[in-house]
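Step one of this worksheet: look at the structure below.
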Amino acid sequence: KPRNHWNTFWVTTNNPTASSEAYQGTSKVPSGEMPALTTEAGHESGLNELLAALPFQLQHHVSCPEDTTFLQNVFRENTLHLLVKIHERLKHYEESKPVPIVDSAAALSLELSTELEGKTASREIKELLILLTEPNMKSILVAHDTIAQRNYDPKLPPLPKDIEDDEDSVKIIRLVKNKEPLGATIRHDEHTGAIHVARIMRGGAADRSGLIYVGDELKEVNGIPVDDKKPEEIIHMLAQSQGAITLKVVPSVREETATQEPRVFVKALFDYNPKDDKAIPCKEAGLAFKKGSILQIMSQDDATWWQAKLEGDANPRAGLIPSKHFQERRFALRPPVATLLIQRTSSRGSSGFRKSFRLSRREKKTSKSMYECKKSGMYDMADVPTYEEVIPYRRQSGAKHRLVVLVGPTGVGLNELKRKLLISDPQHFSVTIPHTSRARRNQESDGVEYHFIPKHLFEMDIQNNKFIEYGEYKGNYYGTSLDSVRSVLSKNKVCLLDVQPHTIKHLRTAEFKPFIVLVKPPTLERLRETRKNAKIISGKDDKGSAKPFTEEDFQEMVSTAKMMEAQYGHLFEKVVINDDLSAAFTELQSALKKVETETHWLPVSWIHS
Ligand SMILES: Nc1ncnc2c1ncn2[C@@H]1O[C@H](COP(=O)(O)OP(=O)(O)OP(=O)(O)O)[C@@H](O)[C@H]1O
């Protein structure tokens, strides 16, 4: 209630009709109810009398005695009367339209103080010095200067009315100008004659306004067309204008988007759900994503929580995701799940990983990789799958093909799929020719079945890291060399290669740009059904004989595939389940076609290396 009355008071004083009503009531004010501050004669008396009369005038709107007392106290308040007095004085000055004599009173005061300080101190000088150094006095002089320099927000002019309908791409920008420069440079385009914003100084007035961008075309300044003007003339116009400047610009959409939307994309190498993340500061603000999702990084300002959007998502609002550094740190602290799994399998005596690098089916070997992982289950920090920066890539016609790497557990069907691809288009697909140190047989030719090289040269090549994988069988070496891959790629063919998964990371280079496919088995039930007539080449005996799949083979295939996914999942661009063979082949074939012809995402380091 009291607040309402207070409001009523201000409304009444601003309303001439109401004031005259108040005046009429003055005669009824009892002498004991007069305000504490007596009014002076002249122009101030009107308002003071009004203040004195108001409690009485409002009396019939007030229902209880406390409200009456409150009102009386408000109107008797000394500060209120002083405010009224100031108001009256200001009104008086306004009539005489004062103009500032100087607009740098603060500087003048400082100058005076410095000069006076050296003088023999008279009482007056001392008093003046004290006065000039008082904070209140200093502030009032600064305020005076601000007003004298008109360095405040003036009223913005109305929007120009003469905007043509078809000019919907034109932007009208009104900036309030103070002494600060705009912080933008302009340039005259010699071909089109247009005036463009050439540069925006970071943190300057134009930058802070968020309204002007590099590339914007300047059409008008304060309603004056600038098409026929030189940049110097425009700068002069801008410098001359006081208060608000109205600019008409044709925005440069491309530049604007570039400034607003950072174009950094990463591929997520892990699954993330903010609902399961205890560390996220706000679960609702989190962004869920899957391994392989492409994320547009919108902000890396915070070291722990980045802001990102899912690529292609129409929703412009970004969500929180853990930063690379933060994710690496907490991954390192996690119990090593993948390591345990692999160790468990290894203790069964058969790792389940591919035992060969697929040479002749008749000559099964114990294989090694040049990159044999010493601590294969462990991640070093650089291996922690977090994010990988990617950019769109499309293979130019005539450019080398990406190396196709197939990975999968023993017996899953890699050879079968490779064979089908080779038959489908022998001109397009090819495989590497392995090296061996064994003697050439009569029906064999060098460089067809194998590259035959002497043992000591083979060993030298091993030392020189020339092999992706190699093995020994009955005292002879067999291996797949990096050069054999290069040879296929240089013939402009697609090279199909299958390797043990831990060698992948050494093939992930700008040169090979590998497209890595995991071939997975279907369920145990489907394996039993589909592999009834199939034969696996046993890796466990040295005879390399083909024999029907056992239940143990199926189980090992399934569990190995799971481990491969858990440990190397982030490296696979495609996962094919080899249930029905021809369906799996068609799926793989179309994936390879897409990689050859469509735009897809590749690590930045493979493109700009
Ligand atoms: N989808 C399928 N349905 C039925 N049989 C299949 C399927 N895929 C592969 N096979 C058969 O399974 C057996 C093993 O296949 P393949 O030799 O291609 O496997 P692999 O992955 O190359 O195994 P390894 O690494 O042990 O040589 C072959 O007899 C093959 O014909």
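The values are calculated or read from the model by the stated rules, or taken from the named source; none is laboratory data. Small disclaimer: the values here were computed from a predicted structure and weren't measured. Because the Cβ atoms are built from the backbone with ideal geometry, glycine has one as well, and the counts that use them run over all protein chains shown.
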Is the range 468-475 home to any residue that is assigned to a loop (DSSP other than H, G, I, E, B), within 14 Å of the ligand (Cβ to nearest atom) and in contact with a Lys or Arg (Cβ under 9 Å, 6 or more places away or on another chain)?
-> no
Could you grab the pairs with beta carbons closer than 8 Å, sequence gap of 6+ or different chains, first residue in the range 298-315 and not assigned by TED's automatic domain parsing to the domain that holds N273, second one part of a loop (DSSP other than H, G, I, E, B)?
-> none
Only one of (1) crowded, with 18+ Cβ neighbours inside 10 Å; (2) in a helix (DSSP H, G or I) does not apply to G479, and that is (2)
When the range 530-558 is examined, which residues are found to be within 7 Å of the ligand (Cβ to nearest atom) and either on the phi > 0 side of the Ramachandran plot or modelled with pLDDT of 80 or more (or both)?
-> T530, R531, A534, K535, I536
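Name the helices (runs of 4 or more DSSP H) wholly within the range 226-345 that hold at least 2 residues that are under 22 Å from E573 (Cα atoms) and either of a type outside the set (A, V, I, L, M) or at pLDDT below 80 (or both)? If you could, list the steps in order and put the result at the bottom.
On the way: elements: 231-240, 253-260, 324-333.
Here the list reads 324-333.
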Can you pull out the residues in the range 483-524 that are touching a helix residue (DSSP H, G or I) at 6+ places or on another chain (Cβ under 9 Å), of a type in the set (A, V, I, L, M), away from the ligand (no atom under 15 Å from the Cβ) and not in a strand (DSSP E or B)?
-> V485, I504, L507, A510
All but one of (1) more than 29 Å from T550 (Cβ to Cβ); (2) crowded, with 18+ Cβ neighbours inside 10 Å hold for Q427; which doesn't?
-> (2)
